[in-house]
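Accompanying notes for the structure given below.
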Amino acid sequence: MTVESPVQRVHLTPAAHTVFSRECGRSLDGNETGGILLGHLHEGVAEVRVAGDPGPTAVRQPDFFLRDLGHARQLAHDAFTRDGSIWIGEWHTHLAAAPVPSERDLATYARLLADPDLGFEAIVSIIAVANPGWDRPAAYAWTCFGDQAVAVPLILSTDEYCPTATEEHR
């Protein structure tokens, strides 16, 4: 039996896209990079308002990325204070691997989903690869829930708020 994903599509605001595109360029040095995704989940849509940068103490290697946790927490605090955005997922680059969650990625998402203190129903994952270079990366969205990872459409929104977001989330 197939269970429907709680996230049907991911909308990336222009501000989040700008940071995401700029930060993907860091992978020119031969190391993965990434950050957290902050925003809202509403009626099957993940609205990404903030794509975080890796932070100053992030671990970046050719086949591994670990965000700067203190930096990510500050970004999350600032976004929540500004507009109620919450942590909805993570993004990162893959240098040699396909733009699908790796076994390591899936294990990380499974740990996050299993942590009752975090309260995730689903985790949004955006994985970027060079296309053919990092000046215009190709990005793919995934929603991870239960023991599944499902590809979902990634849409660049034309304004700073997802068209389906309600006023209560603004």
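First select every other residue whose beta carbon is under 13 angstrom from the beta carbon of F80; then total the charges, Lys and Arg +1, Asp and Glu -1.
On the way: positive: R49, R73, R82; negative: D78, D83.
Its environment carries a net charge of +1.
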Taking the simple approach of a point 7 Å from Cα along Cα-to-Cβ for both R136 and E4, what is their distance in nm? 3.6
To the nearest 20 debye, what charge dipole does the chain have about its Cα centre, counting +1 at the Cβ of each Lys and Arg and -1 at the Cβ of each Asp and Glu? 360
Taking only protein heavy atoms and a 1.4 Å probe, the highest-to-lowest accessible-area order of D29, D78 is D29, D78
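Give the accessible surface of the chain per residue, rounded to a whole number of Å², with probe radius 1.4 Å and ligands, DNA and RNA excluded.
Working: 8760 Å² over 170 residues.
In whole numbers, the chain has 52 Å² accessible per residue.
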Relative contact order %, the chain, counting alpha carbon pairs below 8 Å whose residues are six or more apart: 27
Points 7 angstrom from Cα along the Cβ direction at V59 and I86: gap in nanometres? 2.9
If you wrap a convex hull around the alpha carbons of the chain, what volume per residue comes out, as a whole number of Å³? 115
Compute the separation of the alpha-carbon centres of segment 13-35 and segment 92-143 and state it in Å as a whole number. 13
The extension gain from R111 to H17, computed as 0.36 nm times the residue separation minus the Cα-Cα distance, is 31.1 nm
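The values are calculated or read from the model by the stated rules, or taken from the named source; none is laboratory data. Predicted model only: the values in this text are computed from it and were never measured. A quick note on method: Cβ atoms are made from the backbone with ideal geometry, for glycine too, and the neighbour counts reach across all protein chains shown. In case anyone asks, the SASA skips ligands and DNA or RNA and just uses the protein heavy atoms, side chains included. Shrake-Rupley method; radii C 1.70, N 1.55, O 1.52, S 1.80 Å.
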